[in-house]
Structure formats: C-alpha cells, structure tokens
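First comes the structure, then the notes that go with it.
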Amino acid sequence: MTESRNYRLVHGGGDTAKIPHVLIVGGGYLGMYTAKRLEKKLGAGEARITVVDPNSYMTYQPFLPEAAAGSISPRHVVVPLRKVFDRVRVLGGRVVRIDHGERTVRYEPNEGEPETIAYDHLVMAAGAVSRTLPIPGLAEWGIGIKTVEEAAHLRNHVLSRLAIADSTDDEATRRKALNFVFVGGGFAGAEAVAELEDMVRDAVRVHPSIKQEEVNFYLIEAADKILPEVGPQVGEKSLNQLRRRGIDVRLETFLESAVDEHIVLSDGTEFDAGTLVWTAGVKPSPVVAASDLPLGPKGHVDTSEYLTINGVENAFAGGDNAQVPDGREGFYPPNAQNAVRMATVLADNVIATLRGRKLTPYRHKNLGAVAGLGVGKGAAQLFGKIKLTGRPAWYAHRTYHLMAVPTFNRKLRVLADWTLGLFLRRDFAALPDMAQPRQAFEAASKAQVENGRLLRRVS
C-alpha cells in the first residue's frame, strides 16, 4: 500500500494518515454502490472511503416521472446515504476542482469555507446534468426533471396551471395554462409527458370548468422516433399509443424559441404555453471539465474497459460522466442499468489495485429496457426478444424497478404507494409555494412593518 497524503479535512491526520484514502466524487448509482461494495469487501484498516455529494441522498431517477405524477411520494424515490453506509464518510458539498497530478480536490461544503481534500485513489461518479441549448426563453421558463426537487416542482406547477384555468374566464389565460410542452422523446421525456397527461386527465374531473378537450400536451422530438431504447417496433407502438391519448407528438421538430412563454416550433407552429419541460439530453457534471483528467470528444472522462481513467494512475470512472468502451467500437449507454453493474466491477478493481492484483474488464449485455407511460400503460423490450406494450409492459416496468430500487425500506414504501393508488384516487393538492416557504412569513412581516409606520403617522 502507498502511504496516504495529508488528509486534514475529514480525518485530521494521526494514525489514519497511513491508510490509503479512496475519494468518490458523487453519490448517485455508481458512487453509492461502489462505496457500499468497498465497505463490504475491504477491511477497516485497508482504506478510508469518502463520498462527496451536494445531497445527502441517492435519487432513483427512473421513478421521477411517477413522483411528478403523484404515484410515488418524492421522499420515497431517494435513499439517504448515511443510512446505507457503516464505515463510509459522507460529505455534503461540491467538488469544484480536481488536481489529480497532486491527488487533491477543491471541496466547497454546503456551508462553510472551501477546503482541499487529499486522496490516494479517485472514483469519478459525478453523473450528469441537463444539457440545454441557447434557445431564447428556455433558461427563463424551462423545467427539468433530473432531480427529485424538479419532479416535485413540476407536479405542483402543473396542478397550479389547472387551478389558474379553473379560476378565470379569460380565454387567452386559460389556453396558455392548459398547454403543456415537453421537449425530448427519450425515456425521460416520453415517461414524463405520459405520466403527467395521465395525472391531468384525472385532475380535470375535480376542476368543473375545464373540459378534457381543452387540455393540450405536446411532445417535441428532433429525431424521427421516440423511445429508441426499446427498439423500433415497440417505439412505434408507444408513439401510436400516445397519439391515441391525444398527445400531440411532433417528430423531426425543434423548439426554436420560448420567450415570454410563447412557443415557436421549427414546423412554423406558434402558441402560448404555461409549462415547458426540457428533457433533451444530458451532459457530464461540470466538475469533469474542471479537472486535469483526460476527456473524450464529448467531454466525458476517457475510461478504459477496466473502468480506469486512461493515461493516469489510481483513478477510476463510470456512469454518466464517463465513456466506457463496449468492445464493439462503441460505448456503453449512460443508463442506470450500466451504472449499477459498473459499480461492482469498479469497486473490485479499486480493491485489486490496493492489493496489487489483476483488474477485471467491464462486460455487460443489455438486458432490455422498460418504460412506464401512465397507470396500466408502458413499453418494454426484454432480452432483445420479448416486446411488450400496454399493461404487460407496465407490470414489467414496475416489477423491474421495484427489485432495482435500493434498500428494503424504499421498496416497501414504493410498494405501499402503488398499493394505495389502486384503492384511493390521486391527491391533487398543489403546494407551489414550497419552493419559497418563507414567502408568507416575509409578506406578513412586511405588512406588520407597514402597519406600524401607518399607526405612527396617525398618532
């Protein structure tokens, strides 16, 4: 084992300074599962393990569309990291700079002054962020669905649009509130538009002035198909299914502008819309570019088949922030299925490096893909042969993800949400002010101050 460098922030030196330090940047699928396996396989004196992430939880992203639609509580799609680990240190904050040549990172805690953390072995599991384009108005009005906070906000926002439409007779205001635009026809976009359309269809029943035919959902996709992950046959059936539900799917179409919530499409269509959801791709976390690590042509960490970072020592990567060769002159897709399986190989290769043993290449054959498109509706391709749509695909989607979501606690809570949903109607309470919880208190305080001034003038 190599002697660890000074690790002043987390452990403060002492005898632990002689124990190699494994620093994991990111607490998502790859980071959490890698840390858990390292904790399980390594002895207490073999390495110190630290996970750095701005959040104290791992988000199970396949459930975000259902959380946005109210089928699953947002709290149940996240897994608290500190509940998962016994011997792993979790630091809440961001790594904003990586100097692998010096084996240090610049760390900004959620509160407090920036610090420098030294390490011996680095695992890049920083994941990805939404990839946006310089489309006028997108940054001002667009909503992502990459985090649980965005999913909760989207649910509140959509329900608040229904409340606005139900509370006015102004036709322009109603039309704008009842137009919902989703950009991106991959998994995130197709699932989000389908789940939210399903929720709104139910919610319209409790808004007496709104008729279903007044509600318009648009799915805008630049390619000539949606859901490429499930194959052309299932994708085509899913497209037809969405259109039969009244969702206006525009293929080979681009969003050109969204200034002042006025949507302009490349096919010449223009209309106002109070909701714009952007799901058109992701890019590696910004910390990847803020490093001296070798990068690929699209800005991902350049990674070998052993999940080591090419050209440097004692550095590993996988998941959304890496390009991992698949042995067929291509790269593995950045999805949850690969991230979870990469974690096992990556952790084992970190252990092999610590123990001076041979590394194992990552090899994985795609098991298929499943998508939920609302209650009782879905799309699936399993093992390359089994193609499902409708209710069978929906069962496959729920079965797979119930098995895949981490921890028994979260499996039970998700199952309880689904079971209650079979017997109880959806909850349509919108809480749009949760994003600014002090708004009412601040308004009351301001009013009190104004009243005090008024009384002083009168007296």
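The values are calculated or read from the model by the stated rules, or taken from the named source; none is laboratory data. Keep in mind it's a predicted model, so treat the numbers as computed, not measured. Cβ coordinates were reconstructed from backbone atoms using ideal geometry, including for glycine residues, and neighbour counts include every protein chain displayed. When the accessible area is computed, the model is the full protein with side chains, heavy atoms only, and any ligands, DNA or RNA have been set aside. Shrake-Rupley method; radii C 1.70, N 1.55, O 1.52, S 1.80 Å.
Brief remarks on what is shown
- Residues whose amide H comes within less than 5 Å of that of Arg245, counting only those at least five positions distant or on another chain, are absent (H built at 1.01 Å from N in the peptide plane).
- Sum of -39500 (n - 2.57) over DSSP H runs of 4+, divided by residues of the chain (222 nm, nearest 500): -10500 deg cm²/dmol
- Going by accessible surface with a 1.4 Å probe and the largest first, Asp169, Asp320 read Asp169, Asp320.
- Calculated P(r) tail over 45 Å for the chain, as whole % of Cα pairs: 18 percent
- Pairs from Lys40/Lys411; Lys225/Lys283; Lys36/Lys225; Lys36/Lys283 whose Cα-Cα separation, in the structure shown, is over 29 Å: Lys36/Lys225
- Note: relative contact order over the chain, using C-alpha pairs below 8 Å and six or more positions apart, is 17 percent.
- Placed amide H near Asp427: partners under 5 Å, 5+ positions off or other chain: none
- Under the simplified labelling scheme, the Arg82-Ala289 pair shows an inter-label distance of 3.4 nm, with each label point 7 Å from Cα along Cα→Cβ.
- Taking all Cα-Cα distances within the range 324-369, those exceeding 12 Å account for 64%.
- Taking every protein chain into account, the accessible area of the chain amounts to 48 square angstrom per residue (probe 1.4 Å).
- Average projected area [Cα convex hull, the range 214-293], square nanometres: 7.8 nm²
- Degrees separating the helix 408-423 axis from the principal Cα axis of the chain, which is the longest one: 20 degrees
- Take every DSSP beta bridge whose two residues both sit in the chain; close to 50 percent of them are antiparallel.
- Length added when fully stretched, Phe383-Phe408, from 0.36 nm per residue minus Cα-Cα: 6.4 nm
- Surface share of carbon and sulfur [accessible, 1.4 angstrom probe, percent] for the chain: 53 percent
- More than 18 Å apart - percent of Cα-Cα pairs taken over the range 240-395: 71 percent
- Residue-wise HN-Hα coupling along the range 90-99, computed from phi with Karplus coefficients 6.51, -1.76, 1.60 (Hz; x: Gly, Pro): 10, 10, x, x, 10, 8, 10, 7, 10, 10
- DSSP beta bridges in the range 211-295 [antiparallel fraction, %, rounded to 5]: 60 percent
- FRET efficiency, Asp427 to Thr269 (Cβ-Cβ, R0 35 Å, nearest 0.05): 0.55
- Cα-based reach from Lys365 at 16 Å (exclusive), listing lysines while leaving out same-chain residues under 8 positions away: Lys385
- Rg/Rh (Cα only; Kirkwood hydrodynamic radius) as it applies to the range 281-343: 0.93
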